[in-house]
Amino acid sequence: MLTGISWNNYMVVVVLLSIVWYLFVGLRYYFDDIKDLVSGKRKLQFRGLERKLIPKSDYDFDYQKSDEILKTSVEFETIDPVFNEVEEFTASLKKAITDAIQKKLIKKDFEDHLRFILKEHPLLGNSPLRSSINELIVSECEKQESVLLTHQEVDALWNLKNL
């Protein structure tokens with residue numbers, strides 16, 4: 001029964017089955033990595049070869065550590081609620097400033113609107129990013145030249161009892 005199969009036919013079938021198996025495993029478990037390589041988002045890196053050819057003191061940048069830092073920062077962005085609050089706050093701040101320009105709001109009305117936005121994002125008031133957010137508000141107001149606020153005025157807006 002098996003005498004009709006030659007070794008050449010057997011080897012061809014084994015090689016083809018191996019190729020199909022590794023394609024299946026590669027596409028099943030590494031599809032995103034392969035897609036990134038094909039689209040050019042990621043370059044193929046040979047880490048072991050690089051370290052053996054070039055002494056550590058001759059190059060400054062460690063690709064492996066940068067990949068780990070990048071993955072950590074992406075995980076941080078998706079997990080940290082303060083980061084998401086800052087994203088939402090920035091969008092609502094820019095919208096408020098453009099609305100103030102279009103409606104030609106006076107300074108008091110704009111401050112009330114801004115105080116309301118700050119009330120919607122209470123995590124930012126107690127975060128270490130508060131001074132940076134104040135700077136962002138002042139700089140955005142200066143860019144648009146709608147209503148100019150000082151740092152002291154913006155810091156006073158965080159007092160949410162006035163609403």
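Considering only protein heavy atoms, what is the solvent-accessible area of Val12 at a probe of 1.4 Å, reported in Å² to the nearest 10?
80
Of Lys119, Lys107, Lys41, which has the most accessible area with a 1.4 Å probe, and how do the rest follow in descending order?
Values: Lys119 110, Lys107 80, Lys41 165 Å².
Result of the area sort, largest leading: Lys41, Lys119, Lys107.
I'd like the distance separating the alpha-carbon centroids of segment 89-163 and segment 9-36, in whole Å.
Between the Cα centres of segment 89-163 and segment 9-36 lies a distance of 56 Å.
On the full set of protein chains, 1.4 Å probe, figure out the accessible area of Phe24 and give it in Å² to the nearest 10.
Spelled out: Phe24, probe radius 1.4 Å, area about 110 Å².
Going by accessible area, probe 1.4 Å, with all protein chains left in place, what is the ranking of Ser131, Ser92, largest first?
Highest to lowest solvent-accessible surface, that is Ser131, Ser92.
With a 1.4 Å probe and all protein chains in place, put Trp21, Trp7 in order of accessible area, largest first.
Trp7, Trp21
The values are calculated or read from the model by the stated rules, or taken from the named source; none is laboratory data. Computed from a predicted model, the values in this text were never measured in an experiment. Heads up: the accessible areas ignore ligands, DNA and RNA and are worked out on the full protein's heavy atoms, side chains in. Shrake-Rupley method; radii C 1.70, N 1.55, O 1.52, S 1.80 Å.
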